[in-house]
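Peer 1: The structure under discussion is supplied below as structure tokens; questions concerning it will follow.
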Amino acid sequence: MSLLARIHSKSQANIQEQTTADNSTAVEHPATQQDKIIHVEVSPPLIETSYAPEPSDDYMELKNLIFKYILKERNEEEIEEIVADLDSIITEILNENEGIKDVKDWKLLKEEIKNDLTGYGPINPLLLDDSVTEVMVNGPKQVYAERDGKLGLTNIQFRDNDHVMAVLEKIVAPLGRRIDESSPMVDARLMDGSRVNAIIPPLALNGPTITIRKFSKDPFTINDLIRFGTLNEEMAEFIKASVEAKLNIFVSGGTGSGKTTTLNVLSSFISNKDRIVTIEDAAELQLGQDHVVSLETRPPNIEGKGAIYIRDLVRNSLRMRPDRIVIGEVRGGEALDMLQAMNTGHDGSLATGHSNSPRDMVARLETMVLMAGMELPVKAIREQIAGALDVIIQQSRLKDGTRRITNITEVQGLEGDIIVLQDIFTFKQSGIDQNGKIIGKLVPTGIRPKFYERMENEGIHLPTSIFTEKVEI
Ligand SMILES: Nc1ncnc2c1ncn2[C@@H]1O[C@H](COP(=O)(O)OP(=O)(O)O)[C@@H](O)[C@H]1O
Ligand SMILES: [Mg+2]
């Protein structure tokens, strides 16, 4: 018996049930740029919607036949066999169905089938395309993507809801998660690290909805941040020195202000000799050093059990003999563990947190420490904070959309009950250009930080001139 015959006989039952549904979708399935995107090797003009030529009826008919024959519940071995033998399968199907003429887009057809069998279906090309940063599936007929910071509709479409669900199953099944009516929302990660959120009907009215934030293969470097105007070269030198001098640094900012990106850049200055432990809710950091241990939290399972939180990981990390602890985002009780770690010899730790100013960050940290449930007096908490943190880097997304470091602030210590903060550099806006872009720069306040001596002792020599205000002529 030929491979096709075997496959066919095995899935007869399925096909019978499916035929009617498939015929109806076969007609509906519109011309898609999917066809174009799949076989074009260079990046397709994704967001400008130039439609690919209408595939012929024969093409569509053959495609639907093939889907009917082979796309039902295959195990890995069968899939391998099918993919290896796709040519002969298609030839056989053509022979069996004399009504259908050979199609020209043979290569394209094979790609589409392969994407369904071994990849993530119609969105596979977007996932493989490094210039695409986000993919959003709003039900079967609408797929958006972001490229170069621009979000736009693509011509990619799925056949129907079931087709989207099949791709979703593929994403969540290997993780031991499931998505169905009883658990209609799920967070998952692709093998390459991309983050996936899915929500399905009846909660999602458009149909199964998938949001993918792709893992960027080359994260921004300090030079990128300088180019974007997030900071200038002198500040870059200063923060590099701060990391090398093993100061404890906290990056503070709103959602999407670029905290994680800055944390990644800060981490890149850590010595290759150090043992680094990173702790995150969703692993985003990408460190280039050799000696890195990455830890990630775990959501509760279907029974609501087994969750592992940042706090658990911070505590565990202390027993891992880290030279540096890097925490993605501090949101709650883990703040206490982080501060204690920083105060007990784990210098040079880095973390981020959500807040609008350095002062606000300090206040929030107090609240977070209280969330640890230890009933510490406020004074003791402040002592912990003042003793632990050396620098707060405040980052903001300005009105014009640019992300800037707006303050580099030293945490000087405790005076009475008050944590003393001293700005070392602040952002000075000097105007707005014709395009609405904010003009301004990070300037020194003229204060030399108290930790300057510590830097010197570590053998890191910064010219004192970087702390003095330049007089513009
Ligand atoms: N300095 C920057 N300049 C321009 N874009 C940035 C900068 N930092 C981050 N981004 C972009 O902004 C988005 C959010 O960045 P991220 O670091 O994840 O922010 P946060 O951790 O504050 O939520 C990402 O798409 C990232 O590529
Ligand atoms: Mg972040």
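The values are calculated or read from the model by the stated rules, or taken from the named source; none is laboratory data. Note that the structure is a prediction, hence the values are computed from the model and not measured. Neighbour counts are summed over all protein chains in view; Cβ atoms, including those assigned to glycine, are modelled from backbone coordinates with ideal geometry.
Peer 1: Go through region 255-268 residue by residue and tally those that are more than 10 Å from ligand 2 (Cβ to nearest atom) and in a loop (DSSP other than H, G, I, E, B).
Peer 2: Going through region 255-268, the residues more than 10 Å from ligand 2 (Cβ to nearest atom) turn out to be 265-268.
Imposing the further condition that a residue be in a loop (DSSP other than H, G, I, E, B) reduces the set to 268.
So the answer is 1.
Peer 1: Which members of region 401-446 meet the condition of being in a loop (DSSP other than H, G, I, E, B) and within 31 Å of the chain's Cα centre (by Cα)?
Peer 2: Within region 401-446, the subset in a loop (DSSP other than H, G, I, E, B) is 401-402, 416-417, 433-437, 445-446.
Of everything in region 401-446, those that are in a loop (DSSP other than H, G, I, E, B) and within 31 Å of the chain's Cα centre (by Cα) turn out to be GLY401, THR402, ASN435, GLY436, LYS437.
Peer 1: Right, here's the next one. Just to be sure before I move on: is SER242 within 16 Å of ligand 2 (Cβ to nearest atom) and either over 18 Å from THR409 (Cα atoms) or touching a residue at least 40 places away in the same chain (Cβ under 8 Å) (or both) in the structure I sent? Steps first, please.
Peer 2: Working: within 16 Å of ligand 2 (Cβ to nearest atom): no; either over 18 Å from THR409 (Cα atoms) or touching a residue at least 40 places away in the same chain (Cβ under 8 Å) (or both): yes.
No.
Peer 1: A follow-up question, please. Can you tell me which residues in region 294-316 are of a type in the set (Ser, Thr, Tyr) and either assigned to a strand (DSSP E or B) or crowded, with 23+ Cβ neighbours inside 10 Å (or both)? Before the answer, list the steps.
Peer 2: To start, the set of residues in region 294-316 that are of a type in the set (Ser, Thr, Tyr) comprises 294, 297, 309.
Scanning region 294-316 gives a single hit, SER294.
Peer 1: Can you give me the ranges of the strands (runs of 3 or more DSSP E) entirely in region 116-171 with at least 3 residues that are surrounded by 21 or more Cβ atoms within 10 Å (Cβ to Cβ) and assigned by TED's automatic domain parsing to the domain that holds SER194?
Peer 2: Ranges flagged: 132-138.
Peer 1: With the condition kept exactly as written, say whether any residue in region 452-461 is within 16 Å of ligand 2 (Cβ to nearest atom), among the charged types (D, E, K, R), at pLDDT 90 or above and assigned by TED's automatic domain parsing to the domain that holds THR262.
Peer 2: To start, the set of residues in region 452-461 that are within 16 Å of ligand 2 (Cβ to nearest atom) comprises none.
No: zero hits.
Peer 1: Continuing with this model, one more query. Can you pull out the residues in region 212-233 that are away from ligand 2 (no atom under 16 Å from the Cβ) and surrounded by fewer than 19 Cβ atoms within 10 Å (Cβ to Cβ)? Break it down into steps so the answer makes sense when it comes.
Peer 2: Of region 212-233, the ones away from ligand 2 (no atom under 16 Å from the Cβ) are 212, 217-218, 221-224, 226-229, 231-233.
Residues satisfying the conditions are LYS217, ASP218, THR221, ASN223, ASP224, ILE226, ARG227, PHE228, GLY229, ASN232, GLU233.
Peer 1: Got a sec? Which of SER271, SER267 is surrounded by fewer than 18 Cβ atoms within 10 Å (Cβ to Cβ) and either within 16 Å of ligand 1 (Cβ to nearest atom) or not β-branched (Val, Ile, Thr) (or both)? Quick ask: steps written out before the conclusion?
Peer 2: Values: SER267 fails: surrounded by fewer than 18 Cβ atoms within 10 Å (Cβ to Cβ).
The unique qualifying residue is SER271.
Peer 1: Inspect all residues belonging to region 325-334 and state whether any of them is over 18 Å from the mean Cα position of the chain (by Cα), surrounded by fewer than 20 Cβ atoms within 10 Å (Cβ to Cβ), at negative phi and more than 16 Å from ligand 1 (Cβ to nearest atom). Steps first, answer last, please.
Peer 2: We begin by selecting, within region 325-334, every residue over 18 Å from the mean Cα position of the chain (by Cα); these are 325, 331-334.
If we keep only those that are surrounded by fewer than 20 Cβ atoms within 10 Å (Cβ to Cβ) as well, we get 331-333.
Still in the list and also at negative phi: 331-333.
Filter once more, keeping what is more than 16 Å from ligand 1 (Cβ to nearest atom): 332-333.
Scanning region 325-334 turns up at least one residue that is over 18 Å from the mean Cα position of the chain (by Cα), surrounded by fewer than 20 Cβ atoms within 10 Å (Cβ to Cβ), at negative phi and more than 16 Å from ligand 1 (Cβ to nearest atom).
Peer 1: Consider region 387-427. How many of its residues are more than 16 Å from LEU442 (Cα to Cα), charged (D, E, K, R) and in contact (Cβ under 8 Å) with a residue 24 or more places away in the chain?
Peer 2: 4
Peer 1: Let me ask something else. Residues of region 216-253 being of a type in the set (Gly, Ala, Ser), within 15 Å of ligand 1 (Cβ to nearest atom) and not in a helix (DSSP H, G or I), which ones?
Peer 2: The initial filter retains those residues of region 216-253 that are of a type in the set (Gly, Ala, Ser), namely 216, 229, 236, 241-242, 245, 252-253.
This time we only want the ones that are within 15 Å of ligand 1 (Cβ to nearest atom), so: 216, 229, 236, 252-253.
Answer for region 216-253, where residues must be of a type in the set (Gly, Ala, Ser), within 15 Å of ligand 1 (Cβ to nearest atom) and not in a helix (DSSP H, G or I): SER216, GLY229, SER252, GLY253.
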